[in-house]
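This report refers to the structure that appears directly beneath it.
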Amino acid sequence: AKGYLLGGICWFAIPFSLATSLGLASTALMLPISSSEAGNGLVPPAVADHLLGEAGSALILIMLFMAIVSTGSAESIAVSSLVAYDIYREYINPEATGAKILWISRVVIVMFGIFMGLFSIALNAMGLNLGWVYLFMGVVIGSAVIPLWNMMTWSKASGTGAVIAAWSGLVLALIGWLVGAKIQGESVTVATLGTNEVMLSGNLIAIFSSGIIHYIYSKFIDPQDYDFSTLNENIHLVEQDLSGLGDEQQDKKVLKRAKRWIIRRGYLLTFVLIIVWPILSIPAGVFTKPYFAFWVLVSIAWGFGAAITISILPLFESQDEIGKVCSGMLNYILRKKVEETYAEEEPAAPAKTLEEEEPAPQAAKALEEDEPVKEVEPATPSGDEAA
């Protein structure tokens, strides 16, 4: 729970701190960046290249690669899990083994990756830049936010109503988006559809209309009374694999405390970011120089705080594991050095010479069988020999 909340707070430094610092730098340096280039996300590499040269370009490339890999891997795993567990195992092969589900997941990941690559090429060929697609995402998927939240937290939420609300909200959002472009720009084009006002109207319609529809449907048409305590009974593990889950992760009291912890702080953070922050910005109108300096100071502090958190906190929380690994490596290196030193100091066994007598056959046989060698008694002399 803490990791998800901290991850969200640290992620906000990307659109807030990074955009503020690099955007202001490009304006202050008067870099020749067109609006289309800015929409394609070329401001950060342009500023980094201007200030740091090739090193700056390399750093931006590494950062971009890491961001795409982390986001792309999460999306691929999410889609493959949905297809493998919620479609294949639920409706096609309920008796699927872990190996079969893993194979299906890998196939879906490859197919999804190819599809997304071709889809991105198509979007670029249509002239849709990164900013346009980013804002359009809210119009398309925003209608599913409140219904999904209600299904996870509200016992009276209707599953049928959630589906109806999501699709109805999408239709209403697209209609409002197109109408807004027609009213503001007198024609529906990529440029008029991509303005901030039109995109904002489509996003707001998608979010709020679906929430209202789902509430009305669940409250008056199809009210439910779902018992969340039965949720575990409907979750069937593949091959009952509980590896990685200790007693603490399965303790209901611990899970309830974690739920209360994340709900309280999640609601508070949502209230501050979505309501309090914008309201405090409205009275300022056009930012004065001191107000804007305070805004920049907050964004820089947020960025440094996020960088310190994601760099230091994982090391602090994993100090026991890191200590064990380092201790094991050190012990292995020292033991190996001791063995090498002992091998160098141990004297070599002397080689046999031809003059050395060979052991008696009886003694040699006793040595092979790990038995003590019996002494051979001398022969007793006879009477004539004694005389």
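The values are calculated or read from the model by the stated rules, or taken from the named source; none is laboratory data. Just so it is clear, the model here is predicted, and its values are computed rather than measured. Here the Cβ is made from the backbone with ideal geometry for all residues, glycine too, and neighbour counts use every protein chain on show. These area figures cover heavy atoms from the full protein model, side chains too; ligands, DNA and RNA do not enter into them. Shrake-Rupley method; radii C 1.70, N 1.55, O 1.52, S 1.80 Å.
For the reader, a short list of remarks on this structure follows.
- Screening Leu128, Leu123 for residues that are within 30 Å of Ser34 (Cα to Cα), open to solvent by less than 50 Å² (accessible area, probe 1.4 Å) and part of a loop (DSSP other than H, G, I, E, B) leaves exactly one candidate, Leu128.
To keep it simple, each residue is scored yes or no on (1) more than 22 Å from Cys10 (Cβ to Cβ); (2) modelled with pLDDT under 85.
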position: Lys256; (1), (2): yes, yes
position: Ile275; (1), (2): no, no
position: Thr288; (1), (2): yes, no
position: Gly303; (1), (2): no, no
position: Thr309; (1), (2): no, no
position: Leu313; (1), (2): no, no
position: Leu330; (1), (2): yes, no
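- Residues of segment 140-193 that turn out to be within 28 Å of Gly266 (Cα to Cα) and of a type in the set (D, E, K, R), as a count: 1
- In segment 134-238, counting only helices (runs of 4 or more DSSP H) that sit wholly within it, the ones holding 1 or more residues that are open to solvent by less than 70 Å² (accessible area, probe 1.4 Å), under 22 Å from Gly39 (Cα atoms) and without any contact (Cβ under 8 Å) to a residue 60 or more places away in the chain span 159-185, 190-193, 196-216.
- Some residue of segment 263-278 being under 26 Å from Val145 (Cβ atoms), open to solvent by 70 Å² or more (accessible area, probe 1.4 Å) and charged (D, E, K, R): yes
- Inspection of segment 1-24 finds a residue satisfying the criterion of being surrounded by fewer than 17 Cβ atoms within 10 Å (Cβ to Cβ), of a type outside the set (D, E, K, R) and not in a helix (DSSP H, G or I).
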